[in-house]
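The values are calculated or read from the model by the stated rules, or taken from the named source; none is laboratory data. Since the model is a prediction, treat every value here as computed from it, not as a measurement. So basically every Cβ, Gly included, is an ideal-geometry build from the backbone, and we count neighbours across all protein chains shown.
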Amino acid sequence: MFVSFNLVIRFLLELFLLGSLGVWGYHLGGGTFARFILTGGLPLAAAIIWGLFISPKARFSLPTPLVVFIEFLLVGAAAYGLIWSGYFITSVIYVVAHIGNRLLLGIFLHKRKEE
C-alpha cells in the first residue's frame with residue numbers, strides 16, 4: 001500500500017516536472033512563436049528522455065546510478081526553470097519532495113526485492 005501511494009506521488013511529481021518545464025519555456029521565450037515552441041518543446045524533450053531511459057518500461061536499460069543521474073538532471077532543469085521564472089519556494093518544495101520520494105521508493109522497493 002505504501003509503495004503504491006509513493007508510485008502515485010512519483011507520477012504526480014513527473015507531471016509537475018513537465019509542467020515546470022512548460023512554465024520555464026513560456027517565460028524563456030521572447031516572442032509568441034518562441035513561447036509556443038519552448039512551452040511545448042521543453043516538456044516534450046523531457047518526456048522523450050524519461051521514456052527512453054527512466055520509465056519502468058524504458059527502451060534502453062541503463063545501470064541504476066545512471067538512471068538516477070539522468071532523472072536528477074531533469075529535476076534540476078525543472079527546478080532551475082522554476083527559479084528562473086520566479087517560483088523559488090515552489091522549486092525548493094518540488095526538489096525536496098522529489099528527492100524524498102525517490103529515496104523512499106528506493107528503500108521500499110529494495111526491501112521488497114529481498115523478501
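Listing for the model above:
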{"item": "Hits in region 1-12 (condition: without any contact (Cβ under 8 Å) to a residue 24 or more places away in the chain and assigned to a helix (DSSP H, G or I))", "result": "Ser4, Phe5, Val8, Phe11, Leu12"}
{"item": "Among the residues listed as Ile83, Ile54, Ile48, Ile70, the single one being within 17 Å of Ser20 (Cβ to Cβ) and out of contact with any helix residue (DSSP H, G or I) (no Cβ under 9 Å at 6 or more places or on another chain)", "result": "Ile48"}
{"item": "Flag if Val75 is over 13 Å from Leu17 (Cβ atoms) and either at pLDDT 95 or above or not small (Gly, Ala, Ser) (or both)", "result": "no"}
{"item": "Some residue of region 39-59 being crowded, with 16+ Cβ neighbours inside 10 Å, touching a Lys or Arg at 6+ places or on another chain (Cβ under 9 Å) and more than 21 Å from Asn101 (Cβ to Cβ)", "result": "no"}
{"item": "Long-range neighbours under 6 Å by Cβ, at least six apart or interchain, first residue within 23 Å of Ser55 (Cβ to Cβ) within region 13-42, second surrounded by 14 or more Cβ atoms within 10 Å (Cβ to Cβ) and β-branched (Val, Ile, Thr)", "result": "Gly22/Thr39; Gly25/Thr39"}
{"item": "Test: residue in region 68-76 that is surrounded by fewer than 14 Cβ atoms within 10 Å (Cβ to Cβ) and closer than 13 Å to Trp24 by Cα", "result": "yes"}
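Here's the yes/no breakdown for (1) at pLDDT below 95; (2) small (Gly, Ala, Ser); (3) assigned to a helix (DSSP H, G or I):
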site: Gly19; (1), (2), (3): no, yes, yes
site: Val23; (1), (2), (3): no, no, yes
site: Arg35; (1), (2), (3): yes, no, yes
site: Gly40; (1), (2), (3): no, yes, yes
site: Ala46; (1), (2), (3): no, yes, yes
site: Gly81; (1), (2), (3): no, yes, yes
site: Thr90; (1), (2), (3): no, no, yes
site: Tyr94; (1), (2), (3): no, no, yes
